[in-house]
Each structure stands twice: as structure tokens, then as C-alpha cells.
1. What tally of residues in segment 83-110 results from selecting those that are more than 9 Å from the chain's Cα centre (by Cα) and more than 13 Å from Ser51 (Cα to Cα)?
2. Is there any pair linking a residue in segment 111-137 that is touching a residue at least 24 places away in the same chain (Cβ under 8 Å) and surrounded by 22 or more Cβ atoms within 10 Å (Cβ to Cβ) to one that is polar (S, T, N, Q) and part of a helix (DSSP H, G or I), with Cβ under 7 Å and at least six apart or on different chains, and which?
3. Only helices (runs of 4 or more DSSP H) wholly contained in segment 4-121 count here; list those with 1 or more residues that are touching a Pro at 6+ places or on another chain (Cβ under 7 Å) and hydrophobic (A, V, I, L, M, F, W, C).
4. Kindly indicate whether any position in segment 202-210 is in a helix (DSSP H, G or I), under 18 Å from the mean Cα position of the chain (by Cα), touching a residue at least 12 places away in the same chain (Cβ under 8 Å) and within 20 Å of Pro154 (Cβ to Cβ).
Amino acid sequence: MNNSEFILLHTTRYGENSIILHTLSREYGRRGLFIKNISRRVSTSLFFPLSILEADVSETDKSRLLTARGIVSRYPLAGLRNSHGKSAISMFVSEVLYRVVKEGMQDVALYDMCVKNILLLDALESDYSNFHLYFLLEFIIGLGFSPEPEDLAPFVGERLPIVSEFIAKPFSEAMLVPMSGDIRNDIAGKLLKYIEFHTESAVNVNSLRVLHEIFR
């Protein structure tokens, strides 16, 4: 049994009192965790998108699923939980990770990048409506691709000038690049197409529509 930290990407109910957590961790990469006999009250308080949790984790020869016990929050992440905007971004980021990172994939640098960005979003007090674009560009780098303007041009098309400006600025200034909700949503969709093309997988992120509604 190993005490492990992990990021929650998605949950699946299993029977009356059990749950499968789809997670990303340093030790195990993208894996499912099986938790027995857990109340809905506990699952509601702990298992929100991008929760960073700790648990005693064990492997079995019978299943790819890991078994977890003694699960607790590693960070409170009150900023994510108490803001509709940040919660929507968290939902989007967790869905992107859930759909793109393949089961069994293990990349410590990618995990650390995700933790850094989760804590950064949690700490921001304002000016975070562009954050999901910043995350997508960081994620593209984490996947091993190069989000240089000339590389992105075939995908972002007429949005290339604003995407180039965004990439060139430091984080604090990139968060202040003015964009309408429609432009921001269009760029996010085009970056997802870039990821889809380079990972050769369908990336249908339903929560992008929620972000568009909140950050019009």
C-alpha cells in the first residue's frame, strides 16, 4: 500500500455505495481508483473537478483499478469551490484531461504542470477569464508539442494575431488581453482541434459551452 497524491478528473458511481475515481498521479499516471462504501455526503464534499487528494492506494493482480482508502483533501481549493467562474474553468480543464490523457499514461512533468496550474487558478482573485486558454497552451507543451504561432496557424486561422499576442505576453499580461466571449470560445475550440489532430483522438469537451455562457 502506498500513500499517493492525485488529481480528480471524473467520477463514476458503482452500485449503491461505491465510486470509481478517474485520476492522474505521479506514481500511477492516469488510472482509476475504486472506493468502497462511501457516503454521498463525503463524495460531494471531496470529489469536485480538479480536487487534489491523498489516499492509501493498493494494486491488485485482478484489475487495472487501484483500491483507495483513507481519502482526504491535499489542498482545500476554496477559490475553485466558491467561484462559479473558477468552477466552470475547473470543469473544463478536468474534462480536457479526462478525454485526452489515456489510461495508463504516466508523465510526472505533466502531473506537476497540472498541480501548478490548479493552485495558480485557485489563488487568482480576478482577471482569470482567459485562464483556460493559458492552460490549453501549457497542456500542449506538456503533451510534447510546440504551440509556436506558425505551428498553430493552420488551426487558429484568423485568430492568429491575438493568439500570437497571448503567447508572447507573460502570464499576468496574458490574463488581461481583451477578448469577447465569442472570440475566447472560438480560440479554445480551435486549440482543442489542434490537440485532437496531434493526439489522433476525438476531444468532445461539452463544458466549453458552459464557459462560453459564463464568460460572454
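The values are calculated or read from the model by the stated rules, or taken from the named source; none is laboratory data. Values in this document were obtained by computation on a predicted structure and should not be read as measured data. Note: ideal-geometry Cβ built from the backbone for every residue, glycine included; neighbour counts use all protein chains shown. Just the protein is used for accessible areas: all its heavy atoms, side chains included, with ligands, DNA and RNA removed. Shrake-Rupley method; radii C 1.70, N 1.55, O 1.52, S 1.80 Å.
1. Qualifying residue count, segment 83-110: 16.
2. As it stands, the answer is Phe135/Asn117, since those pairs meet every condition given.
3. 84-100
4. no
Results for (1) open to solvent by less than 40 Å² (accessible area, probe 1.4 Å); (2) over 19 Å from Val108 (Cα atoms); (3) in contact with a Gly (Cβ under 7 Å, 6 or more places away or on another chain); (4) at pLDDT 95 or above, shown as yes or no for each residue.
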site: Asn2; (1), (2), (3), (4): no, no, no, no
site: Leu8; (1), (2), (3), (4): yes, no, no, yes
site: Gly15; (1), (2), (3), (4): no, yes, no, no
site: Ser18; (1), (2), (3), (4): yes, yes, no, no
site: Tyr28; (1), (2), (3), (4): yes, no, no, no
site: Asn37; (1), (2), (3), (4): no, yes, no, no
site: Arg40; (1), (2), (3), (4): no, yes, no, no
site: Leu46; (1), (2), (3), (4): yes, yes, no, no
site: Ala55; (1), (2), (3), (4): yes, no, yes, no
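A quick yes/no check of all residues on (1) assigned to a helix (DSSP H, G or I); (2) closer than 23 Å to Glu95 by Cα:
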residue: Leu133; (1), (2): yes, yes
residue: Leu136; (1), (2): yes, yes
residue: Phe139; (1), (2): yes, yes
residue: Gly144; (1), (2): no, yes
residue: Pro147; (1), (2): no, yes
residue: Glu150; (1), (2): yes, no
residue: Leu160; (1), (2): yes, no
residue: Ser164; (1), (2): yes, no
residue: Pro178; (1), (2): no, no
